[in-house]
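The structure under discussion appears below in the form of structure tokens.
Every number here is computed from the coordinates shown, using simple stated rules; none is lab data. Please read these numbers as outputs of a predicted model, since none were measured by experiment.
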Amino acid sequence: MASNLSGEQILSALEQLSPAELEGLVPQIIALGASRRAPHLSPEESKLLARIDKCTPDDLKTRLSELEARRDDALLTGAEAAELLTLSNRVEKLHAERMAALADLAKLRGVTLPALMDQLGIRFPDNA
């Protein structure tokens, strides 16, 4: 069992590995150290954080900006106006899903939504 081995014994065993085997272990050793230093998240917290981290795709943001610029310049066609409405609704839905996940995580952790957003470093344009 590894807990019965001394650091010297572990190092000696590592010296017996090929360079490729040793390189394969390095990321695992780093991950093990990080997991022992970092707080562990519950599966529910992990799921919520994944939903919170889900951002608006860049291509969607780009197209939305293009259409908004055309609207502002009064150049929007009927089809583009419909597309702008559809894309705006998608962005609002993504934002609402993210906010719901933030609210759920705040409740789970017993903190206010603004406090959680501060902890996570989340700023939205309208409250940055």
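Computed over the chain with a Gaussian network model linking Cα atoms closer than 10 Å, the most mobile of ALA13, ALA50, ALA31 is ALA13. A helix-only calculation puts the chain at -24000 deg cm²/dmol for mean residue ellipticity at 222 nm, using -39500 (n - 2.57) for each DSSP H run of at least four residues, averaged over all residues.
Quick one: angle between helix 58-72 and the longest Cα principal axis of the chain, in degrees between 0 and 90, rounded to 10, please. Here the helix axis deviates by roughly 20 degrees. For the residues LEU76, LEU49, LEU22, a GNM of the chain with alpha-carbon springs under 10 Å puts the largest fluctuation on LEU22. Here Rg/Rh (Cα atoms, Kirkwood Rh) was calculated from the structure, and among (1) 1.27; (2) 1.24; (3) 0.91 it sits at label (2). Axis angle, to the nearest 10 degrees, between helix 78-109 and the longest C-alpha principal axis of the chain: 40 degrees.
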